[in-house]
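The values are calculated or read from the model by the stated rules, or taken from the named source; none is laboratory data. Quick caveat: nothing in here was measured; it's all calculated off a predicted structure. Counting neighbours? That spans all protein chains shown, and the Cβs are built from the backbone with ideal geometry, glycine included. Note: accessible area is taken over every heavy atom of the protein model, side chains too, but ligands, DNA and RNA are not part of it. Shrake-Rupley method; radii C 1.70, N 1.55, O 1.52, S 1.80 Å.
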Amino acid sequence: DMEVLPDVNACAGNNVTVFFIGTVGAGFSWTNSNPAIGLPASGTGNRLDFTSANAGNSPDTALLTVTPTIGNCVGTARSFRIVVTPSPSVDSIPDLSVCAGQTVKVNFAGSGNPLFSWTNDNTATGLDAGGNGNIDFTAATVGTNQNSVVTVVPRSGVCQGTAQSFQLTVL
């Protein structure tokens, strides 16, 4: 016999390791309903160790069924799911120069159905130090040009993608 296995949630591109634990001396064979997650359709051994994959825009689910055996005796098969969420991305954002007092709107786009958070390293531009979603603010009235770097991070569920930065200049 073997222990019940919990479902596994992973982000695309992450290493996933699952150990199978059962009766001493048991061997394990497994099947995977969805090789697109980066794991072959079947295998043997006491653990899974693979890099998860998902090239789509929505989570991929695989049903894994693990069967323990000792000699010619076959134990009760156990099943669990591996859900792989795509790694979200944010499209490149061009640098932006605006005039003092101007309304500024920056809309973010990306893949993997992301939500966006951002940080700003110079609030003298009139933009807050950080926020979520698209940017919509009025540029500050400045005596000298103000530059800031705005860094945008895409997230989808527990998965975080690669940040993108752009420069904001208020003239």
The stretch 48-80 to the stretch 113-171: how many Å between their Cα centroids? 42 Å
When the accessible area of the chain is split by element with a 1.4 Å probe, what percent falls to carbon and sulfur? 49 percent
With +1 on each Lys and Arg Cβ and -1 on each Asp and Glu Cβ, and nothing else charged, work out how big the dipole of the stretch 1-138 is about its Cα centre, in Debye to the nearest 20. 380 debye
Treat the chain as a sphere of radius equal to its Kirkwood radius over Cα pairs and apply Stokes-Einstein at 25 °C in a medium of 0.890 mPa s; give the translational diffusion coefficient in µm²/s, rounded to a whole number. 129 µm²/s
Selection from LEU39, SER79, PHE116 lying farthest towards where the dipole of the chain points positive, charges on Cβ: SER79
Expected vector for the stretch 139-154, Karplus 3J(HN,Hα) from phi with 6.51, -1.76, 1.60 and θ = phi - 60°, integer Hz, x for Gly and Pro, equals 4, 5, 7, 10, x, 10, 3, 10, 10, 9, 9, 9, 10, 10, 10, x
For the stretch 5-52, averaging the sequence separation of alpha carbon pairs under 8 Å that lie six or more residues apart and dividing by its residue count, the contact order in percent is 47 percent
Normalising by the residue count of the chain, find the relative contact order in percent from Cα pairs under 8 Å and 6+ residues apart. 21 percent
Over the chain, average the accessible area per residue using a 1.4 Å probe and give it in Å², no decimals. 53 Å²
Tensor-based shape of the stretch 1-58 (alpha-carbon gyration tensor, a/c under 1.5 rounded, otherwise prolate or oblate): prolate
Can you give me the solvent accessible area of ASP95 with a 1.4 Å probe, rounded to the nearest 10 Å²? 110 Å²
